[in-house]
Amino acid sequence: MKADANDLIRSATQTLIDHVDELTALDQAIGDGDHGLNMRRGALAIQGKLAELAGQPLNDALRTMGMTCMSTIGGSSGPVFGTLLVTLGKELPAPPTAAGLASALDAAIQALTRLGKAQVGQKTLLDVLDPVQRLLAEGGDHLTERVRTCAFAAAEATAALEAIKGRASFLGDRALGHVDPGSRSTALIIGAICESLDAPASARPSSLSA
């Protein structure tokens, strides 16, 4: 039995809250040090709207969450994750399918590329979204498990990439060896969603009340 959208929202937001210290430490190494707190702020704001989101179709809920990210998450992460969610809400077909998600994610990657003038390989969350998108487009068996593994591996691989965008770019070679915080956040979100999709019904939260 598959999880519904409400389960996915709670899982994705809670993982950011639970990993705030890790994300903060990652950003302290190569950024402003506020990524963890900013992502937790956005996650808590979304959790504060759980009752509202529960009454919305998935596409509308994604757009609502995106606008919430834009208004509550500080720094560049607000526009970035907000654009990601708003674009997914606009492009995702109903009912959602792996192929439909791949297409919507491709549109989101293009929107983020325009927003930040960033490309794959420049130590950003695009380095997680791109391989995940390609895997979804390929489809196949055990897809959620493979997507989860791919997302975490791709985030870890950013440690070997040179930072071209953002504050980390000022560090030059000193940014090497450090995982990109935005990529790690993205992997945590994707991983939580995949785990929720694969979890038995008895292991999922029974309510989305705040």
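Can you name the residue in region 34-53 that is among the aliphatic types (A, V, I, L, M) and either within 22 Å of GLY100 (Cβ to Cβ) or under 14 Å from the mean Cα position of the chain (by Cα) (or both) and is also surrounded by the most Cβ atoms within 10 Å (Cβ to Cβ) among such residues?
In this case the residue turns out to be MET39.
Just checking, does region 61-74 include any residue being of a type in the set (Lys, Arg) and in a loop (DSSP other than H, G, I, E, B)?
So far as region 61-74 goes, no, none of its residues is of a type in the set (Lys, Arg) and in a loop (DSSP other than H, G, I, E, B).
Among the numbered criteria (1) under 22 Å from ASN59 (Cβ atoms); (2) free of Cβ contacts under 8 Å to residues at least 12 places away in the same chain, which one does LEU115 miss?
(2)
Take the residues in region 196-210 that are touching a helix residue (DSSP H, G or I) at 6+ places or on another chain (Cβ under 7 Å) and assigned to a helix (DSSP H, G or I), then tell me which one is modelled with the lowest pLDDT.
Per the criteria, the residue is ASP198.
Going through SER77, SER71 one at a time, which residue ends up being polar (S, T, N, Q), farther than 30 Å from ASP141 by Cβ and surrounded by fewer than 15 Cβ atoms within 10 Å (Cβ to Cβ)?
When all the criteria are applied, what remains is SER71.
What are the residues in region 102-135 that are crowded, with 17+ Cβ neighbours inside 10 Å and assigned to a loop (DSSP other than H, G, I, E, B), if any?
ALA118, GLN122, LYS123, THR124, LEU125 - these are the residues of region 102-135 that are crowded, with 17+ Cβ neighbours inside 10 Å and assigned to a loop (DSSP other than H, G, I, E, B).
I'd like to know if region 2-11 contains one or more residues that are at negative phi and in contact with a Lys or Arg (Cβ under 7 Å, 6 or more places away or on another chain).
So far as region 2-11 goes, yes, one or more of its residues are at negative phi and in contact with a Lys or Arg (Cβ under 7 Å, 6 or more places away or on another chain).
Is it true that ALA168 is within 22 Å of THR97 (Cβ to Cβ) and at pLDDT below 85?
Taking the combined requirement at face value, the residue does not satisfy it.
Against the definition (free of Cβ contacts under 8 Å to residues at least 60 places away in the same chain and either out of contact with any Gly (no Cβ under 9 Å at 6 or more places or on another chain) or within 16 Å of ILE189 (Cα to Cα) (or both)), how does ARG63 come out, yes or no?
no
Within region 91-112, how many residues turn out to be among the polar types (S, T, N, Q) and modelled with pLDDT under 95?
Looking only at that region, the number is 1.
Looking at region 20-30, can you tell me whether even one residue there is under 20 Å from LEU161 (Cβ atoms) and either within 14 Å of the chain's Cα centre (by Cα) or in a loop (DSSP other than H, G, I, E, B) (or both)?
There is at least one residue in region 20-30 that is under 20 Å from LEU161 (Cβ atoms) and either within 14 Å of the chain's Cα centre (by Cα) or in a loop (DSSP other than H, G, I, E, B) (or both).
Please identify the pairs in which a residue from region 20-32 that is closer than 16 Å to GLY177 by Cα and in contact (Cβ under 8 Å) with a residue 60 or more places away in the chain has its Cβ atom under 7 Å from the Cβ atom of a residue that is among the small types (Gly, Ala, Ser) and not in a helix (DSSP H, G or I), counting only partners at least 6 apart or on another chain.
Pairs that qualify, where the first residue is closer than 16 Å to GLY177 by Cα and in contact (Cβ under 8 Å) with a residue 60 or more places away in the chain and the partner is among the small types (Gly, Ala, Ser) and not in a helix (DSSP H, G or I), are ASP27/GLY33; ILE30/ALA163; GLY31/GLY166.
The values are calculated or read from the model by the stated rules, or taken from the named source; none is laboratory data. Bear in mind that the values here come from a model prediction, so they are computed numbers and not experimental data. Glycine gets a Cβ as well: all are built from the backbone with ideal geometry, and neighbour counts include every protein chain shown.
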